Amino acid sequence: MEKRIIAIGGGEIKNKTTLKIDEYIANLAKAHAGEKRANALFIGTASHDSMPYFNSFRKTYTSNFDIKAEVALMVYGEMSVEKIAGKIAVADCIYVGGGDTVYMLDKWKEFGIDKLLIDAYNRGVIICGLSAGAICWFKDMYTDYEIMRGQSSEYVLRKGLGVLDGAMCPHFNEREKDFTLALSKGQIKGAYCVENDCAIEFVNGEFSKVISAGGKAYYMSLNGQQIDKKELI
């Protein structure tokens, strides 16, 4: 059974800027579901369970692709861990929204959701996410965690779930200058760098391809004193 992660660099699902990527994900979810109607679970922990965000997801996946959209709520105590586990168990696709990555991972670990999501990935459930929901699957994350808290003006490296080797920088069209500086300082040896409205797919832990709705993806690495930048296709 193939294990897939689609990591989206950024974009606005509300404005349908990622619609080509969403269509690709929806088709994977339908293939996973077989003869039954596909079920997509939205997890918005990073946005503190923003319901407008979920509604945008539902409008896209249900209205455009006829996929049943469910939501897992864990920030304000609306759902028990057992109920969330039940939703994860029947999902064909799990979509993790953007926002505060570190808050999200802390909340997941508090309730054991991280283990349930990794189990779902290992069962072949289609895993996808945008920004925070994309970088969390990597060993290392290039995140604006400290900027969001007013603790620093710089992006920082934090540890992710480690399902995928390496690191990822989302919103690369906005962060290239900062990331290049971090790379030149040797803070990280290399990373997947994904622009808004672009996604990279991993199959069985290996990079497979780029799915673009207008953006591009690169792999950047530090080779001695030189920075190598390779566009991914």
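The values are calculated or read from the model by the stated rules, or taken from the named source; none is laboratory data. Just so you know, these numbers come straight off a predicted model, no measurement behind them. Positions of Cβ are generated from backbone atoms using ideal geometry, with glycine treated the same way; all protein chains shown enter the neighbour counts. Side chains included, ligands, DNA and RNA excluded: accessible areas come from the protein's heavy atoms. Shrake-Rupley method; radii C 1.70, N 1.55, O 1.52, S 1.80 Å.
Applying a threshold of 6 Å to beta carbon distances and a minimum spacing of six or more residues, or different chains, the list of pairs starting in segment 12-23 at a residue that is under 12 Å from Ala199 (Cα atoms) and open to solvent by less than 100 Å² (accessible area, probe 1.4 Å) and ending at one that is modelled with pLDDT of 95 or more and in a helix (DSSP H, G or I) reads Asp22/Thr60.
If the condition is being charged (D, E, K, R) and over 23 Å from Thr17 (Cα atoms), then segment 187-233 contributes Lys189, Glu206, Asp228, Lys229, Lys230. Here Ile88 fulfils each of the conditions (1) open to solvent by 10 Å² or more (accessible area, probe 1.4 Å); (2) touching a residue at least 12 places away in the same chain (Cβ under 8 Å); (3) more than 25 Å from Ser212 (Cα to Cα); (4) in contact with a Leu (Cβ under 9 Å, 6 or more places away or on another chain) apart from (1). Exactly one residue among Val75, Val102, Val71 is touching a helix residue (DSSP H, G or I) at 6+ places or on another chain (Cβ under 7 Å) and assigned to a loop (DSSP other than H, G, I, E, B), and that residue is Val75. Residues of segment 106-121 being open to solvent by 10 Å² or more (accessible area, probe 1.4 Å) and within 24 Å of Pro170 (Cα to Cα), which ones? Scanning segment 106-121 gives Asp106, Lys107, Lys109, Asp114, Lys115, Ile118, Tyr121.
Assessment of segment 6-21 against the conditions (farther than 21 Å from Val125 by Cα, within 18 Å of the chain's Cα centre (by Cα) and among the small types (Gly, Ala, Ser)) yields at least one matching residue.
Considering every residue within segment 155-167, establish whether at least one is part of a strand (DSSP E or B) and within 28 Å of Lys16 (Cα to Cα). Scanning segment 155-167, I find at least one residue that is part of a strand (DSSP E or B) and within 28 Å of Lys16 (Cα to Cα), so the answer is yes. Taking segment 15-36 as the range and being assigned to a loop (DSSP other than H, G, I, E, B) and farther than 14 Å from Tyr95 by Cβ as the test, the residues that pass are Asn15, Lys16, Thr17, Gly34, Glu35, Lys36.
Looking across Glu78, Glu70, one residue alone is acidic (Asp, Glu) and over 19 Å from the mean Cα position of the chain (by Cα). It is Glu78. Residues in segment 206-233 that are open to solvent by less than 30 Å² (accessible area, probe 1.4 Å) and more than 15 Å from Cys169 (Cα to Cα): Ile211 only. Restricting to segment 153-182, name every residue that is basic (Lys, Arg) and crowded, with 19+ Cβ neighbours inside 10 Å. Passing the criteria: only Arg175.
Take segment 183-205 and flag every residue that is open to solvent by 10 Å² or more (accessible area, probe 1.4 Å), touching a residue at least 12 places away in the same chain (Cβ under 8 Å) and either touching a helix residue (DSSP H, G or I) at 6+ places or on another chain (Cβ under 6 Å) or outside any strand (DSSP E or B) (or both). Passing the criteria: Ser184, Gly186, Gln187, Ile188, Lys189, Glu195, Asn196, Asp197, Asn204, Gly205. Scanning segment 26-74 for residues that are on the phi > 0 side of the Ramachandran plot and open to solvent by less than 80 Å² (accessible area, probe 1.4 Å) yields a total of 3. Count of segment 1-11 residues, restricted to those that are open to solvent by 50 Å² or more (accessible area, probe 1.4 Å) and either β-branched (Val, Ile, Thr) or in a helix (DSSP H, G or I) (or both), is 0.
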